[in-house]
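The values are calculated or read from the model by the stated rules, or taken from the named source; none is laboratory data. Fair warning: this is a prediction, and the values are worked out from it, not measured in the lab. Cβ placement follows ideal geometry from the backbone for every residue including glycine, while neighbour counts extend to all protein chains displayed.
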Amino acid sequence: MIYTLTLNPALDKTYRTPEFGSGSVNKVTLLRQDPGGKGINVSKLLGKLGTDNCACCLLGGRAGAEVNAMIGSYGMNCISEPITGTTRTNIKISDDTGVTTEINEVGPGFDQTGFNGLKDKLFGSIKAGDLVVLSGSLPVGAPDSIYADLITELKSKGCKTILDCSGEPFFKALEAGPYFAKPNNEELGIDDSFESAISKARELVSSGLDKVIISLGGKGAVYCDEEVCYMAETSVITPVCTTGCGDSMVAGMCYSMENGFDSKAAFEFAMACSEAAALTDGTDAPDEASVKSFIGRIVIEQV
C-alpha cells in the first residue's frame with residue numbers, strides 16, 4: 001500500500017490564456033480546479049494508474065471541503081484531519097507558449113492538534129512494507145524536523161519512505177535516511193548540468209540514500225542507486241502546464257517499486273509520468289495511456 005502525506009495541501013485553480021501579459025488584461029480560455037499539494041498530486045496519478053493508495057492530509061475551511069470532495073474522483077482513499085485554519089488556494093496561469101506562472105498562498109499556520117490526529121490515523125493504518133511519501137511545503141510554524149522525525153518513526157515500523165520537499169526540512173530529513181528522494185538541482189544548490197547532477201546523486205547514495213532522482217527541470221533528470229547511475233533528457237514537447245511534473249515522477253517511482261521494476265525500467269517509467277504530466281491541463285494527472293505513450297521514446301543512458 002502507498003500512503004502520501006500532505007501537510008499543506010491546496011485548492012489549485014488553473015487559468016489558461018493564449019499569452020499571459022503582466023500588467024495587462026488577459027482573456028481566460030479555460031478554468032479548472034484540482035485538489036493540490038505535492039502528496040495529493042502523487043496520489044492522483046497513482047489512482048489513475050489503478051494503484052491502491054491513500055492520501056493523508058490536513059484540511060480546513062471552505063477550500064479544504066472542496067479539496068476533500070474532489071479527492072474521491074481520482075480513485076484513491078483519503079485520511080484527513082480538520083484544522084482551525086483555511087486550506088490555501090494556489091493560482092496557476094498557463095499560456096500557449098508552454099510557460100506556467102504560479103501564485104501560491106502560504107497557507108494556514110501549523111495546527112499541532114490536527115497534525116497529531118492525522119499522524120495517529122496514519123500510524124494506525126500502515127504496516128511493514130508500505131511506502132509512505134512525505135512531500136511538499138510545511139505549514140507556517142511547523143518544526144523543520146517534522147519529516148525527519150516521521151522518517152525515523154516510519155522506518156521503525158518497517159515502512160519505506162519517499163522524500164520530496166525543499167529547504168531545511170529536506171536536509172534534516174536526509175539525515176534520517178529516507179529510502180528514496182527526488183530533489184531538483186536548485187534545492188541541492190547545484191547547477192543544471194548533467195555532470196553536476198551525476199556527481200551529487202552519487203554523493204547522496206554514498207551518504208545513505210538507497211535511490212535518488214535529481215530533476216533538472218526541462219533538461220531531464222539523473223537516477224542513481226548503489227549499483228547503477230542513469231541520465232535521461234526530456235523529449236521535445238511543448239508543455240501545457242509544468243506544475244506537478246515532479247510529483248508525477250515520484251508517483252512513477254512509487255508505482256515501479258510496487259510492481260517490481262528494475263532500476264532502468266523504473267527510471268524510464270518515472271520520466272514518462274513526468275512528461276505526460278506536462279501535457280495535462282492544470283494539476284490534473286495524466287491517464288495511463290498518455291504515460292505509456294512515452295515508453296520507448298525516452299533515451300536512458302548509463303553513466
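Here are the numbers for the structure shown:
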quantity	calculated
Candidates D192, D144, filtered to the one that is of a type in the set (D, E), in contact with a helix residue (DSSP H, G or I) (Cβ under 7 Å, 6 or more places away or on another chain) and closer than 20 Å to F267 by Cα	D192
Number of positions in region 36-55 that are surrounded by fewer than 19 Cβ atoms within 10 Å (Cβ to Cβ) and either polar (S, T, N, Q) or part of a helix (DSSP H, G or I) (or both)	1
Matching residues, region 261-301, being more than 15 Å from T234 (Cα to Cα), touching a residue at least 40 places away in the same chain (Cβ under 8 Å) and in a loop (DSSP other than H, G, I, E, B)	T280, D281, G282, T283, D284, A285, P286, D287
Number of positions in region 147-169 that are touching a Pro at 6+ places or on another chain (Cβ under 7 Å) and touching a residue at least 40 places away in the same chain (Cβ under 8 Å)	1
Among (1) assigned to a strand (DSSP E or B); (2) touching a helix residue (DSSP H, G or I) at 6+ places or on another chain (Cβ under 9 Å); (3) in contact (Cβ under 8 Å) with a residue 60 or more places away in the chain, the one test that K13 misses	(2)
Single residue of region 61-81 satisfying the filter (among the β-branched types (V, I, T) and in contact with a Lys or Arg (Cβ under 9 Å, 6 or more places away or on another chain)) that is nearest to G109 (Cα to Cα)	I79
Single condition C224 does not satisfy, out of (1) under 17 Å from I162 (Cα atoms); (2) assigned to a loop (DSSP other than H, G, I, E, B); (3) touching a Leu at 6+ places or on another chain (Cβ under 8 Å); (4) of a type outside the set (D, E)	(2)
Odd one out for L58 among (1) touching a Lys or Arg at 6+ places or on another chain (Cβ under 9 Å); (2) not in a helix (DSSP H, G or I)	(1)
Only listed residue being touching a helix residue (DSSP H, G or I) at 6+ places or on another chain (Cβ under 7 Å) and closer than 13 Å to A270 by Cβ, chosen from S166, S235, S248	S248
Residue count for region 118-150, restricted to those that are part of a helix (DSSP H, G or I) and crowded, with 17+ Cβ neighbours inside 10 Å	7
Scope region 151-188; condition acidic (D, E) and either surrounded by fewer than 21 Cβ atoms within 10 Å (Cβ to Cβ) or farther than 26 Å from G217 by Cβ (or both); matching residues	E153, E168, E175, E186, E187
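Residues are listed down the side, and each one gets a yes or a no for (1) surrounded by fewer than 24 Cβ atoms within 10 Å (Cβ to Cβ); (2) more than 30 Å from L31 (Cβ to Cβ); (3) of a type in the set (A, V, I, L, M); (4) at pLDDT below 95:
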position	(1), (2), (3), (4)
A251	no, no, yes, no
D262	yes, yes, no, no
L279	yes, no, yes, yes
T283	no, no, no, yes
P286	no, no, no, yes
I295	yes, yes, yes, yes
E301	yes, yes, no, no
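A quick yes/no check of all residues on (1) of a type outside the set (S, T, N, Q); (2) at negative phi; (3) not in a loop (DSSP other than H, G, I, E, B):
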residue: L174; (1), (2), (3): yes, yes, yes
residue: A197; (1), (2), (3): yes, yes, yes
residue: E203; (1), (2), (3): yes, yes, yes
residue: I237; (1), (2), (3): yes, yes, no
residue: S248; (1), (2), (3): no, yes, yes
residue: Y255; (1), (2), (3): yes, yes, yes
